[in-house]
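Report on one structure; see the data block that follows.
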Amino acid sequence: MATSVKLTPAQQEEKINAFFTNAPAFAQPICEKLREAIAAADPELQPSWKWGTPVYEKKGHTMVCAISAHKQHVNMTFFQGALIPDTYALFTTGLDAKNMRTIKYTDASQVNEEQVMEYVKAAAQIKTAPASKSTERAVIEIPQDLKQALSEARQLEAFEKMAYTHRKEYVRWVSEAKRPETRNNRIAKTVERISEGKKFS
């Protein structure tokens, strides 16, 4: 896989600011509420630029959470969400994942800052080994039928170069199909989207 160019702190800050400034109109108030909640929950959390999105980290800890904006929704992902009590049943994505949990927002009115702060505070207290976590997140087991379809279309390498989150969501989408014809349709659609360079959203 291609190696990424390490950005300077100034370059990271520029990309993070551009991310929030250029987010879709509906997403901007959502992102602003989430940014304020994160800052209020733990001032030690600082964003860095990873996988094309702001990732909040704390010194002495591994990655805590991330905000990603999509065409019709905004995701707030907790990298160790499985260890956080989902007191308010906010997690909607990744419920079967080993570690990560995600909250999906489509409107700013859905963001309860007090609840978000509670989750962030809990997540910021978790300590894990960064090296092992990084390795674990990089590896995704691709179902054999999806892998074969991607290989036949010569898109397997393109798929494997995608950000972890998008690869994981494509695999989850295919795996959740209950009928064989649905699964086959989703595999075909995945191959088509990968060939067009489209991320999962």
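What follows is calculated from the coordinates using simple rules that are stated; it is not laboratory data. None of the values given here were measured: they were computed from a predicted structure. Every residue, glycine among them, receives a Cβ derived from its backbone with ideal geometry; neighbour counts consider all protein chains shown.
Computed about the Cα centre, the dipole magnitude for the chain is approximately 520 debye when only Lys and Arg (+1) and Asp and Glu (-1) carry charge, each at its Cβ. Within segment 140-195, the ratio Rg/Rh, alpha carbon atoms throughout and Rh by Kirkwood, equals 0.92. Where only DSSP H runs of four or more residues are counted, the chain gives -14000 deg cm²/dmol as its mean residue ellipticity at 222 nm, each run worth -39500 (n - 2.57).
Relative protection proxy for 43-49, 99-105, from highest mean packing down: 99-105, 43-49 (other beta-carbon atoms within 10 angstrom).
Derived scalar couplings between HN and Hα for segment 11-26 equal 5, 5, 4, 4, 5, 5, 4, 5, 4, 6, 5, 9, 5, x, 3, 5 Hz in order, rounded to whole Hz, by the Karplus curve 6.51 cos²θ - 1.76 cosθ + 1.60 (θ = phi - 60°), x for Gly and Pro.
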